Structures are given as structure tokens and as C-alpha cells.
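Below is one structure, written out as C-alpha cells; comments come after it.
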Amino acid sequence: MTDRTDRIDRTERPEAVGESGSAGGPVAPTGEGTADSPSTEVTCAQCGRLIPPGEWVRTESKTFCSSCYARLRATVEAVVAQQSQDINYGGAVVGGLLGGLLGALIWWGFTVLTHVSFGLVAIVIGIGVGKGVVMLSGGKHARSLQAISVVIAIASFIMATYWVNRTFILQAAAGQGIEGTLPFIPDVRLLIDIVTLDLGIFDAVFLGIAVWQSWKIPMPVRLGPR
Ligand SMILES: [Zn+2]
């Protein structure tokens with residue numbers, strides 16, 4: 001006699017867990033008794049309920065039932081609308097000017113310390129202006145703020161260029177034993193003369209980078225299509 005019992009190998013049939021019907025076609029209702037194990041059921045990422053076929057709304061990462069989606073969408077739309085309302089324009093201008101001044105001083109300081117006029121540092125002007133505009137406008141983002149930001153960034157870039165050139169001119173003059181000075185705040189004529197001293201293609205590139213930063217930071221968020 002063998003120990004061996006006649007075991008009938010009940011080869012467990014693997015349940016069809018396959019992702020065969022992956023959300024492609026409509027799931028045909030199969031009548032009663034199937035509520036236990038529908039394999040293609042989709043639950044709402046928000047309320048957790050089972051979503052009837054055809055009522056899903058897929059976003060980039062999640063799936064919602066249509067009513068949850070509508071509610072979330074309305075919330076997001078309200079937030080997006082809010083970003084361009086009740087703008088403190090006075091604050092925006094002050095913030096932009098302060099940020100631009102700070103950026104210009106950083107660039108100028110960098111140049112004085114290193115004796116190198118590294119134009120790419122002008123990017124801090126654009127960032128300073130953009131951040132300043134957003135912060136003091138009440139955390140707002142709008143086209144109008146972008147326009148304010150760009151104008152201030154250009155003005156700040158021009159002033160910073162003046163200060164940088166002024167420093168180099170005075171250093172060069174001092175090196176030759178020439179006593180002289182240039183005002184820290186120039187009149188328009190002097191500003192133009194000094195700023196245009198040695199303008200090159202790179203100045204345009206660096207100005208472009210600063211302007212792009214100042215344009216980008218107050219840019220309003222746009223919602224995609226429904
Ligand atoms: Zn839901």
C-alpha cells in the first residue's frame with residue numbers, strides 16, 4: 001500500500017484576471033449576480049464609488065465619475081479665475097521695481113567683485129522683477145502683470161547696464177590717474193551715452209533672457225479644454 005492518496009489534482013484554473021478588455025469596449029451588462037466580480041470596474045478617485053461605464057472622466061492620472069469631475073472642475077476654474085482678480089497694481093509696480101533694483105544690484109555687485117561683466121547674471125533681474133510683481137500684487141498672475149513685469153525688467157536692465165559700465169569707466173579712468181565721477185542716477189542723455197557704449201549681440205540675448213523670466217513668472221495658469 002502506498003501512502004499515496006489518490007489525489008486528484010485540482011488544477012486550479014487561473015481566474016481570468018487578464019487585462020484583456022482593458023477599458024476598451026463597453027462592458028456589457030450580464031444581468032444579475034455579477035456584481036461580485038466585475039473585472040473591469042472603475043472606481044472614482046474622488047468618491048470611491050463604482051462608475052457606470054460611459055460616465056468616467058479620465059484626467060492625466062486619475063479617473064473620476066462625471067459628477068465628481070464636474071465639481072472638481074468648478075473648483076479649479078474658480079481658483080484659476082481668482083488668480084487674475086483683485087490685483088493690487090500699485091503693489092505690483094512697487095514689487096517689480098524692488099525686485100528689479102535688487103537684481104540690478106546683484107548683477108552690478110557681481111561685476112564689481114569679479115571684474116567680469118557676465119551678462120547672464122542679468123537673469124536675476126528678470127526673476128527679481130517677476131517675483132516682486134507676483135508677491136506684491138497679492139500673489140496674482142495675469143496678462144496685465146506680465147506687461148508691467150516686462151516693462152520694469154527692461155528698465156532695470158538698462159539701469160543695471162549703466163551701473164556696470166559706469167563702474168568699469170571709473171575704474172579705467174582711475175587706472176590712468178584721471179579723477180572723475182559719474183552720477184549714480186544719470187539724466188537721460190548720459191544714460192543713453194553710457195549704456196550704448198559697447199552694446200553687442202550678447203546684450204540683446206541677455207536682455208531677452210531677463211525679459212523672458214519676467215514674462216513667464218506672472219503668467220496666468222490656463223486650463224485645458226474640457
Ligand atoms: Zn466620484
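We did not get these values from a lab; they are worked out from the coordinates using the rules stated. Everything quoted here is computed from the prediction, not taken from an experiment. Neighbour counts are summed over all protein chains in view; Cβ atoms, including those assigned to glycine, are modelled from backbone coordinates with ideal geometry.
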*Tell me, in nm to one decimal, what length is gained between Leu197 and Ala70 on full extension, where the rule is 0.36 nm per residue of separation less the Cα-Cα distance?*
39.8 nm
_Within the range 84-226: Cβ-based charge dipole about Cα centre, in debye rounded to nearest 20 (Lys, Arg +1; Asp, Glu -1)_ = 740
*asked:* Order these by the 10 Å Cβ neighbour count, fewest first: Arg166, Arg189.
replied: Arg189, Arg166
*If we count other beta carbons within 10 Å of each Cβ, what is the order of Glu41, Glu60, fewest first?*
Glu60, Glu41
*In whole Å, largest first, what are the principal axis extents of the Cα atoms in the range 89-216?*
52, 25, 25
_From the phi angles alone, apply the Karplus equation (6.51, -1.76, 1.60; θ = phi - 60°) to the range 176-187 and give each ³J(HN,Hα) in whole Hz, x where the residue is Gly or Pro._
9, x, 8, 7, x, 8, 10, x, 6, 10, x, 7
*So for Asp198, Asp193, fewest C-beta neighbours within 10 Å to most, what's the order?*
Asp198, Asp193
